[in-house]
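Beneath this line is the structure, given in structure tokens, with notes to follow.
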Amino acid sequence: MKRRQLEHFPNLVTMFFTRARERGDAPFLWAKKDGEWQSVSWSEAARQVASLAQSLRDIGCGKGDRVMLVSENRPEWLIADLAIMAAGCVTVPTYTTNTTRDHQHILGNSDAKAVIVSTQKLAQPLLPAVLYASECHHIISIDDIITGQSPDIARFHHWDALVSGKHDVEQFEREAEKIGRRDLACLIYTSGTGGAPRGVMQHHGMILHNVEGCIDIIANDFGWDEEIFLSFLPASHAYEHTGGQHFPVGLGAQIYYAQSLDKLAANIEEVRPTLMVVVPRLFEMLRTKMLKAIEKEGGLAAYLLDRAIEIETRRYEGRSRLIDKPMDALLSLTLRKKVQEKFGGRMKALVSGGAPLNPEVGLFFQAMGLTMLQGYGQTEAGPVISCNRPKTGIRMETVGPPMKNTEVRIATDGEICVRGELVMEGYFRNADDTRRVLTDDGWLLTGDVGHLDEKGRIVITDRKKDLIVLDKGDNVAPQRVEGILTLKNEIAQAMVYGDRRPYLVALLVPDPEFVASVNGDEKAVQKGLRDAVDRVNRDLSVIEKVRRFIVADEAFSVENEMLTPSMKIRRHVIGAAYGDRLAALYKR
């Protein structure tokens, strides 16, 4: 495909059908089956989208009806999403980690008429919720599902039967042109670090605005070629939904669906992606793993690592030296080449979003020869608001300049405000919360505090609704302290605590490899954690220092509801479980 700027499409469905017509029988969606990567072509995907869209209409799903989608990342996920929209309906993606209670809330709030579910495992918590959903009349299963003696709660359909027809793709392409950019595309329920999820109303133009802005960066800063994506973040999350699904469609790219987090490293080497959207936690884990491997190897490897970080630090600070050039060249032929090969050898950029990226982590990967672009956004903004880009200079302490056609202003109290087509219509059936974050003249109040630097890049300094206020009125941003704590080899996860208290304390999850290295000895674990906290405290201000800590009973995970699906900690859940023990630290 020739390099070019993205056309101005009226909706996401037209964008997809246009790309499918251009790409024809070229591979589009890949999944590993029976040990081999197998693809679905653009033309076959278009046929399935048209067939499923017609089937949805045939079972009674009409314009504006909501259809819930419960599936792990796989080719059928994107086909279902596009087919729902092609039928004139609205996609309601949900997390695969949702409980029956979560499903019940979303089904009840959205009044979804049908639900598409992929597997038996995911159907188990879903089916009881459908019992209480008065509007949900159809369940479509992608794989075979055994329902046992379930009540006749809805009519069951099988995916294969609904996508087997040979419906006219051109007919749906013509009909899709009637869908406007302001028409509702999906309801994405924010995972939330507290309270019940709210349905963010994302219209077609909102997501297209994001896609156009992302393609502007690729086309102008890197060159738009044959792009390969590896998808592994939950497709139901706004970040992956836009950045890992519809952005590749706009590029005419191929999407490979990773098998699992455990197999991600192997998948990267096999697939050799050119672009990946990731969350900071993955980078932190990879950095820790790489540091341990190099430390174990020692000798030349450790020496080259130190030189790479030194040279990149000087370059980043504008202190490059001519004397560094020979070593820089050697690093490119040795250490960096080896690391780049582990990432497939043709990675243009790794885009980090969903949570703040510690600058030290970003600088590490830059030193390894990988381009790191930290972005910033919210589900309420499509979600991409800004992103670092090489042409304006990549600064790890910023989240880059606003995306194309995006207005950003800083309020008198420092809050970052955003306006443009990327801003949501509001929260579904929740006028009160909508009024709290949307002004009458269209500004989204992000809840983040920051400023614009001399090159117009956004610098986030605090979070209005996620600050710890100590008893003397000092404000502490907990994510910064937690991010620094988890950079230490001994600490896998951390949550700091101290609202209206005299100082910070912490809940720590020790790193499993560290625990194994001391044979699980409890006293050695405590000493190692204490040493790690002491090292962190040396670089923190007085109000940020962690004075005491306790060790968590188990790791924070999505399964125990202490992490959101986008890997943010749920403070209210963790606080409920450990609040008394954390509070007791102040009585010693």
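The values are calculated or read from the model by the stated rules, or taken from the named source; none is laboratory data. A quick note: this is a predicted structure, and the numbers were derived from the prediction, not measured. Because the Cβ atoms are built from the backbone with ideal geometry, glycine has one as well, and the counts that use them run over all protein chains shown.
Of note:
- Verdict on Val518 being more than 24 Å from Pro359 (Cα to Cα), modelled with pLDDT under 95 and out of contact with any strand residue (DSSP E or B) (no Cβ under 7 Å at 6 or more places or on another chain): yes
- The listed residues are Gly35, Gly62, and the only one of them that is at positive phi, assigned by TED's automatic domain parsing to the domain that holds Leu127 and more than 24 Å from the chain's Cα centre (by Cα) turns out to be Gly35.
- Number of positions in segment 508-552 that are within 30 Å of the chain's Cα centre (by Cα) and in contact (Cβ under 8 Å) with a residue 24 or more places away in the chain: 19
- Residues that are under 20 Å from Met567 (Cα atoms) and part of a helix (DSSP H, G or I) within segment 346-397 comprise Pro359, Glu360, Val361, Gly362, Thr379, Glu380, Ala381, listed in sequence order.
- Selection within segment 444-463 - assigned to a loop (DSSP other than H, G, I, E, B) and either hydroxyl-bearing (Ser, Thr, Tyr) or surrounded by 16 or more Cβ atoms within 10 Å (Cβ to Cβ) (or both): Arg457
- Scanning segment 40-96 for residues that are more than 21 Å from Trp30 (Cα to Cα), charged (D, E, K, R) and not in a loop (DSSP other than H, G, I, E, B) gives Arg57, Asp58, Arg66.
- Segment 50-59 - residue that is buried (at least 24 other Cβ atoms within 10 Å of the Cβ) and closer than 22 Å to Leu122 by Cβ and, of those, nearest to the chain's Cα centre (by Cα): Leu52
- Within segment 190-207, none of the residues are part of a helix (DSSP H, G or I) and charged (D, E, K, R).
- If you check Thr392, Thr313 for being over 21 Å from Gly447 (Cβ atoms), β-branched (Val, Ile, Thr) and in contact with a Pro (Cβ under 7 Å, 6 or more places away or on another chain), only one passes: Thr392.
- Every listed requirement among (1) touching a Cys at 6+ places or on another chain (Cβ under 7 Å); (2) not in a loop (DSSP other than H, G, I, E, B) is met by Ala112 save one, (2).
- Pair list, Cβ under 9 Å, 6 or more apart: segment 24-36 residue closer than 18 Å to Asn267 by Cβ, other residue hydrophobic (A, V, I, L, M, F, W, C) and in a loop (DSSP other than H, G, I, E, B): Phe28/Ala253; Lys32/Ala258
- Test: residue in segment 426-440 that is closer than 22 Å to Tyr376 by Cα, in contact with a strand residue (DSSP E or B) (Cβ under 6 Å, 6 or more places away or on another chain) and among the polar types (S, T, N, Q): yes
- So Val496, is it under 30 Å from Leu582 (Cα atoms), in contact with a Lys or Arg (Cβ under 6 Å, 6 or more places away or on another chain) and modelled with pLDDT of 95 or more: no
- Yes/no for Arg155 being basic (Lys, Arg) and touching a helix residue (DSSP H, G or I) at 6+ places or on another chain (Cβ under 7 Å): no
- Check on Glu173, of a type in the set (D, E, K, R) and either in a loop (DSSP other than H, G, I, E, B) or in contact with a helix residue (DSSP H, G or I) (Cβ under 6 Å, 6 or more places away or on another chain) (or both): yes
- Test for Leu507: is it outside the structural domain of Thr406 (by TED's automatic domain parsing), of a type outside the set (Phe, Trp, Tyr), in contact with a Pro (Cβ under 8 Å, 6 or more places away or on another chain) and at pLDDT 95 or above: no
- Val277 being closer than 30 Å to Gln254 by Cβ, part of a helix (DSSP H, G or I) and not acidic (Asp, Glu): no
- In the set Ala129, Ala123, Ala133, only one residue is over 26 Å from the mean Cα position of the chain (by Cα), in a helix (DSSP H, G or I) and in the same structural domain as Arg57 (by TED's automatic domain parsing); that residue is Ala129.
- Criterion (among the β-branched types (Val, Ile, Thr) and either modelled with pLDDT under 90 or outside the structural domain of Gly483 (by TED's automatic domain parsing) (or both)) met by exactly one of Val536, Val546, Val542: Val542
- All of Asp102, Asp81 fail the test of being under 26 Å from the mean Cα position of the chain (by Cα), under 18 Å from Pro197 (Cβ atoms) and among the acidic types (Asp, Glu), apart from Asp102.
- Cβ-Cβ under 6 Å pairs, at least 6 apart or on other chains, segment 467-483 side assigned by TED's automatic domain parsing to the domain that holds Met495 and closer than 17 Å to Ala494 by Cβ, far side buried (at least 16 other Cβ atoms within 10 Å of the Cβ) and of a type in the set (Asp, Glu): Val476/Glu544; Ala477/Asp462; Val481/Glu544
- Test: residue in segment 331-346 that is within 29 Å of Ala185 (Cβ to Cβ) and surrounded by 15 or more Cβ atoms within 10 Å (Cβ to Cβ): no
- Residues of segment 283-307 that are small (Gly, Ala, Ser) and either over 29 Å from the mean Cα position of the chain (by Cα) or over 30 Å from Lys263 (Cα atoms) (or both): Gly298, Gly299, Ala301, Ala302.
- Between Asp441, Asp433, the distinction of being part of a loop (DSSP other than H, G, I, E, B), more than 20 Å from the chain's Cα centre (by Cα) and either on the phi < 0 side of the Ramachandran plot or buried (at least 22 other Cβ atoms within 10 Å of the Cβ) (or both) belongs to Asp441 only.
- Within segment 195-234, if we keep just the residues that are touching a His at 6+ places or on another chain (Cβ under 7 Å) and at pLDDT 95 or above, the residue that is nearest to Asn267 (Cα to Cα) turns out to be Val211.
- Tabulated pairs, segment 221-238, first more than 20 Å from Ile116 (Cβ to Cβ) and in a strand (DSSP E or B), second modelled with pLDDT of 95 or more and of a type in the set (Phe, Trp, Tyr), C-beta under 9 angstrom, 6+ apart or interchain: Ile228/Tyr256; Phe229/Phe247; Phe229/Tyr256; Leu230/Tyr256; Leu230/Tyr257
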